[in-house]
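**Q** Provided herewith is a single structure, encoded as structure tokens, for subsequent inquiry.
Readers should treat all values here as calculations from the given coordinates under stated rules, not as data from a laboratory. This one's a predicted model, so the numbers in the text were calculated from it and none came from an experiment. Glycine gets a Cβ as well: all are built from the backbone with ideal geometry, and neighbour counts include every protein chain shown.
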Amino acid sequence: MVTIKQALMLACRLEGLSETARLDVEVLLAHVTGRDKAYLYTWPDRELTSAQQQAFESLFAQRQTGIPVAYLVGVKEFWSLPMKVNPSTLIPRPDTELLVQRALKLLAADSPQTVADLGTGTGAIALAIAKERPRWKVLGCDMKAEIVSLAEQNRQMLGLPNVGFVVSDWCRELPKHAYDLILSNPPYIAPDDPHLQSGDIRFEPTSALVSEEDGLRDIATIVDQAKEHLKPQGFLLLEHGWKQAKRVQGILSAAGYSAISTCQDLAGLDRVTQCQWPGDDKR
Ligand code: GLN
């Protein structure tokens, strides 16, 4: 029989494979025992049941092959909310909370606002905003029905009435001139970026990560399409790679957007650029 403490010590076997070895094991153990992290450290000498031990060993072996913990346990926290995840979607990143923070500051909290989240994946961004702003109406869209259905499951799990999800290739199925804010964490990694060959990212869908033209093609598409779907003075808010701010700003300004500015993530890197659509008559 294995105790919780002995299981936690296996973290050392993930060193080198994972930058978060200890945390990985804690999350797997919490998952198989149905307890939280505080329990694991309060009761280190408790033994796992044989079913728990078997489940843990199987998940641990899969983690050793590189599969992300979030896919193994099927859930990842974002904005302190649990999000169901599966390999058809990107795993929500803490960096992306910056996009949510910015969005919450752009529009008046207490009046009805319309928001669209393009490429919503798990729905994390749309759901976090809907949770913080009950008076806003949020729509999340993604290209594939299976992804939209995952986002919808997350919506139901969180019980949020002011958000919905539809299948749409970026803005294509969305109403025109309807949004006070459009935002997105689109794919923005260049196809030849070596970062794609290591870590969790190897197991995530390429369609959610990689974009042609140095990672900027989808951003350019969104920038172009959003003009027809924003209200005059509506905001566009985009996450992008830390070296892409200048080029994203260039794309936005060439497309006629105004009030363009970039802000930094927790690591101090350029991560989110915002701007406003003046409306066709003012161009
Ligand atoms: N920021 C993520 C990463 O570098 C990528 C997210 C994205 O492409 N939208 O791992």
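**Q** Considering amide H positions built from the backbone, and no H for Pro or chain starts, which residues 5 or more places from Ile189, or on another chain, come under 5 Å of its amide H?
**A** Hits under the 5 Å cutoff: Val210, Ser211.
**Q** Using a cut-off of 12 Å between beta-carbons, work out the net charge of the residues near Leu106 (Lys and Arg +1, Asp and Glu -1, Leu106 not included).
**A** It works out to a net charge of +2.
**Q** Let me ask something else about it. For every other residue with a beta carbon closer than 10 angstrom to the beta carbon of Thr122, add +1 if it is Lys or Arg and -1 if Asp or Glu, then tell me the sum.
**A** Within the 10 Å Cβ shell, the charges total +1.
**Q** Hey, another quick one. At a 10 angstrom cut-off on C-beta neighbours, averaged per residue, how do the peptides 89-96, 249-256 rank from highest to lowest?
**A** Highest to lowest by the protection proxy: 89-96, 249-256.
**Q** Determine how many Å³ per residue the convex hull of the Cα atoms of region 112-235 encloses.
**A** 104
**Q** Same structure again: Residue by residue through region 72-83, what is 3J(HN,Hα) from phi via Karplus (6.51 cos²θ - 1.76 cosθ + 1.60, θ = phi - 60°)? Round to whole Hz and write x for glycine and proline.
**A** Once θ is set to phi - 60°, the couplings for region 72-83 become 5, 9, x, 8, 9, 7, 9, 6, 6, 10, x, 10 Hz.
**Q** Can you run phi through the Karplus equation (6.51, -1.76, 1.60; θ = phi - 60°) for region 149-166 and list ³J(HN,Hα) in whole Hz, with x for Gly and Pro?
**A** 6, 5, 4, 5, 4, 5, 4, 5, 4, 8, x, 9, x, 9, 9, x, 9, 9
**Q** Also, I was wondering about something else. Against the 2.2 N^0.38 Å scaling, with N counting residues, where does the chain land? I'd like the Cα-based Rg ratio to two decimal places.
**A** Relative to the 2.2 N^0.38 Å estimate, the chain comes out at 1.09.
**Q** Around Pro68, under 10 Å between beta carbons, what's the net of Lys plus Arg minus Asp minus Glu among the other residues?
**A** Net charge around Pro68: 0.
**Q** About the Cα centre of the chain, what is the dipole size in debye to 20, counting +1 per Lys and Arg Cβ and -1 per Asp and Glu Cβ, all else neutral?
**A** 580
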